[in-house]
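> The following block contains the structure, expressed as structure tokens.
The values are calculated or read from the model by the stated rules, or taken from the named source; none is laboratory data. None of these values were measured; they are calculated from a predicted model. Here the Cβ positions follow ideal geometry from the backbone for every residue, glycine too, while neighbour counts run over all protein chains shown. Ligands, DNA and RNA are excluded from the accessible area calculation, which covers all protein heavy atoms including side chains. Shrake-Rupley method; radii C 1.70, N 1.55, O 1.52, S 1.80 Å.
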Amino acid sequence: MQWITLTFGQLSTRQLYDLLRLRTDVFVVEQNCPYPELDGYDTHPETRHLLGYRDDKMTAYARILPAGLTYPEISIGRVVTANTERGNGCGNDLVHQAILQAHEAWPQAPITIGAQYHLREFYRRHGFEEISDQYLEDGIPHIDMRRAEEQTAA
């Protein structure tokens, strides 16, 4: 897997298309969840887009947001892998890379995520702990989780 991290202004038109397609294919179509995909956070100058490529095809993606946009802390969201990558460790690699990139941009800062509730054990393995009760977001159960700043990257 090849990993690339870019700001919005650094994304090519093709990369932007590919990341939006992957996010839409999984979050809207697979999960049957119409939601406001274009929320304005992609274009923030400090937002980082982590792109994962296998054989020149984008098959993994995560968005890293600066503190104050969605949470008081920095955040990782839109964590997604293509169905061809599931079950081979790609999701673990993706979260690991996202944590590394978040800490490269904002060293030792805590990270908060809004995780789909059924994935909470997956995120616990990466050092995240539950900090909220379960809630519905766009009709899907979620939970807020935080990774403490003193932890090293997973």
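> Report, by residue number, each residue of the range 121-131 that is buried (at least 18 other Cβ atoms within 10 Å of the Cβ) and closer than 14 Å to VAL79 by Cα.
TYR123, HIS126
> Of the residues ARG78, ARG63, which single one is closer than 19 Å to ARG120 by Cα, in a strand (DSSP E or B) and modelled with pLDDT of 95 or more?
Working: ARG78 fails: modelled with pLDDT of 95 or more.
After applying the criteria, what remains is ARG63.
> Can you confirm whether LEU136 is outside any helix (DSSP H, G or I), touching a strand residue (DSSP E or B) at 6+ places or on another chain (Cβ under 8 Å) and open to solvent by 20 Å² or more (accessible area, probe 1.4 Å)? Please lay out each step first, then the result.
Numbers: outside any helix (DSSP H, G or I): yes; touching a strand residue (DSSP E or B) at 6+ places or on another chain (Cβ under 8 Å): yes; open to solvent by 20 Å² or more (accessible area, probe 1.4 Å): yes.
Against the criterion (outside any helix (DSSP H, G or I), touching a strand residue (DSSP E or B) at 6+ places or on another chain (Cβ under 8 Å) and open to solvent by 20 Å² or more (accessible area, probe 1.4 Å)), LEU136 qualifies.
> Quick check on the range 81-109: of everything there that is closer than 22 Å to GLN31 by Cβ and not in a helix (DSSP H, G or I), which residue is most open to solvent (accessible area, probe 1.4 Å)? Break it down stepwise before answering.
Filtering the range 81-109 down to residues closer than 22 Å to GLN31 by Cβ leaves 81-95, 98.
From the residues that got through so far, the ones that are not in a helix (DSSP H, G or I) too are 81-82, 86-89.
Details: THR81: 22, ALA82: 14, ARG86: 108, GLY87: 91, ASN88: 83, GLY89: 28 Å².
Here the answer is ARG86.
> So ALA62 fits all but one of (1) more than 22 Å from MET145 (Cα to Cα); (2) in contact with a helix residue (DSSP H, G or I) (Cβ under 7 Å, 6 or more places away or on another chain); (3) crowded, with 16+ Cβ neighbours inside 10 Å; what number is the exception?
(1)
> Here's something else I'd like to know. So is LEU51 of a type in the set (A, V, I, L, M) and modelled with pLDDT of 95 or more or not?
Numbers: of a type in the set (A, V, I, L, M): yes; modelled with pLDDT of 95 or more: yes.
The answer is yes for LEU51.
> Regarding the range 144-154, can at least one residue be identified that is touching a strand residue (DSSP E or B) at 6+ places or on another chain (Cβ under 7 Å), among the acidic types (Asp, Glu) and surrounded by fewer than 16 Cβ atoms within 10 Å (Cβ to Cβ)? It would help to see each step written out before you state the result.
Quick first cut of the range 144-154, residues touching a strand residue (DSSP E or B) at 6+ places or on another chain (Cβ under 7 Å) only: 144-147.
Within this subset, residues satisfying the condition of being among the acidic types (Asp, Glu) are 144.
Keeping just the survivors that are surrounded by fewer than 16 Cβ atoms within 10 Å (Cβ to Cβ) gives none.
No, every residue in the range 144-154 fails to be touching a strand residue (DSSP E or B) at 6+ places or on another chain (Cβ under 7 Å), among the acidic types (Asp, Glu) and surrounded by fewer than 16 Cβ atoms within 10 Å (Cβ to Cβ).
> I'd like to know if the range 4-25 contains one or more residues that are part of a helix (DSSP H, G or I), within 15 Å of the chain's Cα centre (by Cα) and closer than 16 Å to GLU137 by Cβ.
Scanning the range 4-25, I find at least one residue that is part of a helix (DSSP H, G or I), within 15 Å of the chain's Cα centre (by Cα) and closer than 16 Å to GLU137 by Cβ, so the answer is yes.
> Still on this model: Return yes when LEU69 is hydrophobic (A, V, I, L, M, F, W, C), surrounded by fewer than 19 Cβ atoms within 10 Å (Cβ to Cβ) and not in a helix (DSSP H, G or I) and no when it is not. Step through it out loud before you land on a result.
Numbers: hydrophobic (A, V, I, L, M, F, W, C): yes; surrounded by fewer than 19 Cβ atoms within 10 Å (Cβ to Cβ): yes; not in a helix (DSSP H, G or I): yes.
Judged against the criteria, LEU69 is a match.
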